Every structure is written in C-alpha cells, then in structure tokens.
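All remarks here apply to the structure that follows.
The values are calculated or read from the model by the stated rules, or taken from the named source; none is laboratory data. From a predicted model like this one, the values you see are computed outputs, not experimental measurements. Every residue, glycine as well, gets a Cβ built from its backbone with ideal geometry; the counts of neighbours run over all protein chains shown. Protein only, heavy atoms only, side chains kept; ligands, DNA and RNA dropped before computing areas. Shrake-Rupley method; radii C 1.70, N 1.55, O 1.52, S 1.80 Å.
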Amino acid sequence: MFYREAGDFKTSYEDDSQTFPIKFDRLRYYAVLAVAFGIIPFIINDYWANAVFVPLMIYTIAAIGLNILTGYCGQVSLGTGGFMAVGAYASYKLMTSFPDVSILIHILLAGAVTAVVGVLFGLPSLRIKGFYLAVATLAAQFFLVWLFNKVPWFYNYSASGQITAPERTVLSIPVTGANTDAWAKYMVVLLFVTGCAWLARNLTRGSLGRSWMAIRDMDIAAEIIGVNPLKAKLSAFAISSFFIGVSGALFFSVYLGAAEVGEAFGIQKSFLILFMVIIGGLGSIFGSFAGAAFMVLMPVLMKNIFVGALGWPTDLAAHLEFMVIGGLIIVFLILEPHGLAQLWRIAKEKLRLWPFPH
Amino acid sequence: MNVMSPDSYVTADGRTIGGTLMEMKNITLRFGGVVAIKDISFDIREGEIRAIIGPNGAGKSSMLNVISGFYVPSDGDVWFDGAIRPKMRPYQVARQGIARTFQNIALFEGMSVLDNIMTGRLTKMKSNMLSQAIWWGKAQKEETEHREKVENIIDFLEIQTIRKTPVGNLPYGLKKRVELARALAAEPRLLLLDEPMAGMNVEEKEDMSRFILDVNDEFGTTIALIEHDMGVVMDLSDRVVVMDYGRKIGDGTPDEVRNDQKVIDAYLGVSHD
C-alpha cells in the first residue's frame, strides 16, 4: 500500500531521474545507511567483522568494479585477481615508502595505480571481444601474479616473500596492523564501499554510463551514433580497475594484514568475483552487493548449519559446502540468468501493484 | 510549378530547398572483387527529402553506409557542407551532424527508451568524468538540459507512455519510432533512414510517413531515405536516385523517375530477345 508512485508527483527532471524514485525505497535507503553507520559499529565484534562484514564489503567494491567493466560495458575480464594484487602491492609500497601520509590517501592512490595498469591491459579490447578478450585478461592475471612473486622490490625483499601491513592510523585510531579494533576496520571499509557505490551509480547514470551501455548492447550502432569506442572502453577499464584496486588495497591492508600474492590474489579470486557479478546481476550496483553477499554469506551459513548445528566433522562440511554452493549457482543461473538484481526488480514491480496482479 | 533557381527553390507545398548539403562524387566501393557501388554521383540539398531506391542488392544500404562513414569508399569523394570529408571514423561523422536509423533495428536493448534517446545526444554532451562521478555542477545541469530536449522529441513522436519501458519489451513498430527518436535527438543536419517502413502494416506506415514529413517540416532536417514501398517514396520525396547493380540508372523528381524507361526495366525486368 505504501510502496506506490501514485500521488508522488515529480515536478523536475532531477526528481524524476533520482536513484530511488519511490519514497519508500528512499526511506529504506536512509534507514540502511543509518543502521550501517550509527548502530553496527557499536555492537560489532571480531567474528562479525572478520567473517561477515569486512570481506562482504571489500568484495562488493571489487564486484562493483568488475560490474562496470563486464555488466555495463560488456567487456569480459578474468584479470580481477591480478588487478586486486596491483592495488594491494601499490598500497604496500606506498605505505612503507611514505609512512607519514594518511592510509586513506594511499588506498585511493593504489586505486589510481591500478587504473593505469587496467588501461594498459584494456588496450587489446579495442581489437578483440568476448572469449578472446577474456583470455587476454587472463594473461594479465597470470603475468601480474608472476611479477609480484618474481621481483623482490615489490615485497621489499622480505625473506618470506609476503607483504605485511604496518600499523597505520586514522585520527590516531589504528586501522591496519594487529592492534586494530573490529569497529575501526568496519568503519574504514564501510566508508569506502559507500563512496564507491555512490561514485559508481553517478558514473553509470550519466553520459559516460550510457556510452558504456551502448557499447555493450551494440558496439557498431554505438559508434555510428557518436560513441568513441576507444574512450568508452578504456574509461570503463580505468574506472573498473580503480574500484578493484581500492578493494585489493583494503583486502590486503585492512582485512588480511599479510598476504602472499598467489594465495590471496590467484585466479580463484578472479572467478569468485566474476561469480558474484553474474549471480548478483550484470549491470546493477545493487546486484554487486547481492552477489557479494551471496558468495560470502552462503559458506558462513553452511558452516554454521553443518558444523555448528548438526555437529558434523569440518572436512565433510567443507566438501558438502562446495557441492551445495556449486549446485545453487547452477540452479540460479538456470532459473534467473539475470541474477539476484532481477529477482529484486521483479519483486519491486509486483509490490508496486500489490494486492492486484496487474 | 516549382520556381527553380540554382541555389534554392520553393516546393509546391511551400518548403524552401536550399543549396547542396552533401555531394557524392564518383563514389566506387569494392569488397575484394565485388563492386558494390560503381561510379555514382549525386547530391543532397539542404531541406529536401531525398530517396534512394532500387531492387534488392542494388547497393542502396552500402551507399548509406558510405554516407554515414561506416564504409570508406574505394574511389571518389564525399563532400559535406561545402568541404571534402577527410577519412574519419563513424563517430566523427556523427559529430558532423549526420544521424541514421538502421534497416534491422539497432537499439540498445538493455536500456530504457529514455536512455536510448539520451544516448542519441551523446555528441552534444560535454561534462567531464569527474563532474559526472560526483554528479554535481555541470553534469547534473547538462543532464537536465538535454532531458528537456529529449522530452520535446518524445512529445513530437508521441511515445510519452513508454519512456521508461526497456526497449526490449516494445513491439516492432514502436521500436522503429524510438530509433527515429534516437537519431533525431542528435539534432542532425542530415538524417539517414534505412527502410524506415520495412515490415510495417499500412497504419504504421502512414504514421511513420507523417512523422518523416513533420520532422522535415518542423526541424528543417534534410532527409535521405531508402524505401521499398514505391507509393511511400513517390509521395514523400522531393527527388529520387535509382540504383541497380551498383550503378545509378535514374535521378530526378518522382514523376521523372516513374516515367524513365530504364527504371521501369530495372523494376519490371526486360526481355532479352
């Protein structure tokens, strides 16, 4: 009854094109923000931060990044893990080289470095598309991991070949390193995920976003009506890589604290984030959240059910978890190829008319 | 009768036709050994409706692709607005003020009608990436300005009710209209229509013909169109180019073309005895 456009008259084009045109949606959005910023930080503990919220939000940033490239601009990429590694190593080098500069700036700069690398590896997209491009980006994945393993300068010649985040503070509260509180981690990541989602939404609603979608839907027609394919594709690679770089930097510095490139940023990571984007819904910011939530929360839920509630041995639970999640992914893709975002859209559409069917 | 002058004249229905807007000079287009267009010259004058007709495979669409910059002619020059057009990419041609629709609808299926038409205005939108990212200042202002222009076109083509519908869900006739809207959104000087009435029923054809005439009348847009429905072509156009097997076999007003023996032969076939 309250989920209606009726009676909510828009009198300007700004109002008409806002992100949440229905009042109830708008209020819900503010409520979610209020809970995320005002309540959760005070009640969060280590388990909820490390198992749920922090990885969920970091993966969301990466999923938003890949969604811009694949979902909005139609360029398939399997190099996400490699680009996250660039963000991680860039932030590590910046943190250790310029200890006086704020970590927040380092994370943004790591995103910028990744954007440059992303554009370089995006150059083949001007010539090739589809599966062939996927293979070209796969090369980026393997090359970057190899590079960070092979060149000791990247890990500051440490004996283990690992990178370890030194303690850095924001407003004299530690946000990286061993002494970090759960709520501090949570707040840093929340700030970034909110900012990234907001930026991504803005970029995809304007002329740049339309040029990406035009390239995705029909690249030849797009060029004939005036889209410069070079600019559209490379800007998608740059912005996508920026987000992925930021997420890689956060993943290493705030979440893991120490990382070894092949383990933390291997090909599995690329696939994981690609699954998130596909399950969540291509071409949807909400879908990035939903997909990340699905892939992060399902294993946690399974573990709690199998090991916690049923008391099964952990190895059996772990194997079963793989099978169930794999099965769920397949079922999902068959039933709703457009992902969770589409389910959400259909639900909203029905709700608008409820209790009437049409 | 028409009052003819070398530079401009007024048609029977009171429209002023100006000087030459586009001129094709000895255009030849080859694909390997196949000659799609052979040594064709014609002009398109400012404000007129110019039709290109011919049997299937005559090279009409190839000619339109040359005009829109998708094909680069093997020989010959394209003159636009009094200057020879250097070799350029299709999106640069679009920026010169040439917009087109496609024979097989080429809308962006994943976007709404409104977004599709807004995409047509990309050539006019200038705000930078940063301004768009924070959605403040120029980007937002520009979006509203262009939305207003797009809404005018939506009113003009009477598609208000579907503006937020995803294009993929629309019936064929409306898709054609949305595609016209997208091309018009660019405020083109020259509008190319590739079979705007293909596959339409009589009523839809009448609507589309009315829109084409209105566009020409209200915005003064020069139109070049390809169409197979002879009734429509003869009623709409000021001058007609007739092509057959990549050659030009006729050029003139609908009446002249209709009575041209070579054109009749090309369409009806001629006995070789």
Query raised in the report: Looking at the stretch B:41-62, is at least one residue crowded, with 17+ Cβ neighbours inside 10 Å, without any contact (Cβ under 8 Å) to a residue 24 or more places away in the chain and either out of contact with any Phe, Trp or Tyr (no Cβ under 7 Å at 6 or more places or on another chain) or not basic (Lys, Arg) (or both)?
Result: yes
Report task. Please specify each residue of the stretch A:105-163 satisfying the condition of being polar (S, T, N, Q) and not in a helix (DSSP H, G or I). Result -> A:Asn156, A:Ser158, A:Ser160, A:Gln162
Report summary line: Looking across the stretch B:137-184 at residues that are among the basic types (Lys, Arg) and outside any helix (DSSP H, G or I), the single one that is farthest from A:Glu349 (Cα to Cα) is B:Arg163
Requested in this report: Only one of these is at pLDDT 90 or above and either buried (at least 19 other Cβ atoms within 10 Å of the Cβ) or touching a Leu at 6+ places or on another chain (Cβ under 8 Å) (or both): A:Ala259, A:Ala292. Name it.
Outcome: A:Ala292
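Within the stretch A:243-259, is there a residue that is within 14 Å of chain B (Cβ to nearest Cβ) and assigned to a helix (DSSP H, G or I)?
Checking the stretch A:243-259: at least one residue is within 14 Å of chain B (Cβ to nearest Cβ) and assigned to a helix (DSSP H, G or I).
Conditions tested, residue by residue: (1) hydrophobic (A, V, I, L, M, F, W, C); (2) loosely packed, with under 15 Cβ neighbours inside 10 Å; (3) touching a residue at least 40 places away in the same chain (Cβ under 8 Å).
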site: A:Leu138; (1), (2), (3): yes, no, yes
site: A:Gln141; (1), (2), (3): no, no, yes
site: A:Trp146; (1), (2), (3): yes, yes, no
site: A:Val151; (1), (2), (3): yes, yes, no
site: A:Phe154; (1), (2), (3): yes, no, yes
site: A:Tyr157; (1), (2), (3): no, yes, no
site: A:Ala165; (1), (2), (3): yes, no, yes
site: A:Ser172; (1), (2), (3): no, yes, no
site: A:Gly177; (1), (2), (3): no, no, yes
**Report entry** Breaking point among (1) more than 21 Å from B:Gly14 (Cβ to Cβ); (2) out of contact with any Ser or Thr (no Cβ under 9 Å at 6 or more places or on another chain); (3) among the basic types (Lys, Arg), for B:Arg210
**Finding:** (1)
Report summary line: Residue count, the stretch B:77-102, condition closer than 21 Å to B:Arg239 by Cα, within 14 Å of chain A (Cβ to nearest Cβ) and assigned to a loop (DSSP other than H, G, I, E, B), comes to 1
**Report entry** Index of the failed condition, B:Leu191 passing every other in (1) in contact (Cβ under 8 Å) with a residue 60 or more places away in the chain; (2) touching a helix residue (DSSP H, G or I) at 6+ places or on another chain (Cβ under 8 Å); (3) part of a helix (DSSP H, G or I)
**Finding:** (3)
Report task. Report whether or not B:Tyr71 is open to solvent by less than 60 Å² (accessible area, probe 1.4 Å) and aromatic (Phe, Trp, Tyr). Result -> no
Requested in this report: Output the residue which, of all residues in the stretch A:179-191 that are under 25 Å from the mean Cα position of the chain (by Cα) and assigned to a loop (DSSP other than H, G, I, E, B), is surrounded by the most Cβ atoms within 10 Å (Cβ to Cβ).
Outcome: A:Thr180
Requested in this report: Within the stretch B:225-273, track down each residue that is in contact with a helix residue (DSSP H, G or I) (Cβ under 9 Å, 6 or more places away or on another chain) and basic (Lys, Arg).
Outcome: B:Arg239, B:Arg258
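Out of B:Glu187, B:Glu179, which single residue is at pLDDT 90 or above, within 10 Å of chain A (Cβ to nearest Cβ) and within 20 Å of B:Asn216 (Cα to Cα)? Let's see the steps before the verdict.
Details: B:Glu187 fails: within 10 Å of chain A (Cβ to nearest Cβ).
Going through B:Glu187, B:Glu179 in turn, the sole match is B:Glu179.
Can you say whether A:Ala200 is small (Gly, Ala, Ser), away from every other protein chain (no Cβ under 14 Å) and either open to solvent by 50 Å² or more (accessible area, probe 1.4 Å) or assigned to a helix (DSSP H, G or I) (or both), as far as the supplied structure shows?
On the way: small (Gly, Ala, Ser): yes; away from every other protein chain (no Cβ under 14 Å): no; either open to solvent by 50 Å² or more (accessible area, probe 1.4 Å) or assigned to a helix (DSSP H, G or I) (or both): yes.
So A:Ala200 does not fit the description; no.
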Query raised in the report: Which number in (1) open to solvent by 40 Å² or more (accessible area, probe 1.4 Å); (2) touching a residue at least 40 places away in the same chain (Cβ under 8 Å); (3) of a type in the set (Lys, Arg) marks the one condition that A:Lys303 misses?
Result: (2)
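Say we look at the stretch B:123-158 and pick out the residues that are without any contact (Cβ under 8 Å) to a residue 40 or more places away in the chain and of a type in the set (Val, Ile, Thr); which of these is farthest from the other protein chains (Cβ to nearest Cβ)? Please lay out each step first, then the result.
The initial filter retains those residues of the stretch B:123-158 that are without any contact (Cβ under 8 Å) to a residue 40 or more places away in the chain, namely B:125-153, B:155, B:158.
Narrowing further to those that are of a type in the set (Val, Ile, Thr): B:134, B:144, B:150, B:153.
Details: B:Ile134: 7, B:Thr144: 5, B:Val150: 10, B:Ile153: 14 Å.
Checked the stretch B:123-158; the qualifying residue farthest from the other protein chains (Cβ to nearest Cβ) is B:Ile153.
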Report summary line: Reported set for the stretch A:203-235 where residues are closer than 22 Å to B:Glu179 by Cβ, open to solvent by 30 Å² or more (accessible area, probe 1.4 Å), within 10 Å of chain B (Cβ to nearest Cβ) and in a helix (DSSP H, G or I) is A:Arg216, A:Asp217, A:Ile220
Query - Every residue from the stretch A:74-110 that is buried (at least 24 other Cβ atoms within 10 Å of the Cβ) and out of contact with any Ser or Thr (no Cβ under 8 Å at 6 or more places or on another chain) - result: A:Gly74, A:Ala85, A:Tyr89
Requested in this report: Would you point out which residue out of A:Tyr92, A:Tyr3 is hydroxyl-bearing (Ser, Thr, Tyr) and in a helix (DSSP H, G or I)?
Outcome: A:Tyr92
Requested in this report: Would you confirm whether any residue within the stretch A:19-33 is among the β-branched types (Val, Ile, Thr) and modelled with pLDDT of 90 or more?
Outcome: yes
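Tell me, which residue of the stretch B:44-76 that is among the hydroxyl-bearing types (Ser, Thr, Tyr) and assigned to a helix (DSSP H, G or I) is farthest from B:Glu218 (Cα to Cα)? Spell out the reasoning first.
First, pick out the residues of the stretch B:44-76 that are among the hydroxyl-bearing types (Ser, Thr, Tyr): B:61-62, B:68, B:71, B:74.
Then keep just the ones that are assigned to a helix (DSSP H, G or I); that gives B:61-62.
Values: B:Ser61: 27, B:Ser62: 29 Å.
Restricting to residues being among the hydroxyl-bearing types (Ser, Thr, Tyr) and assigned to a helix (DSSP H, G or I), the top hit is B:Ser62.
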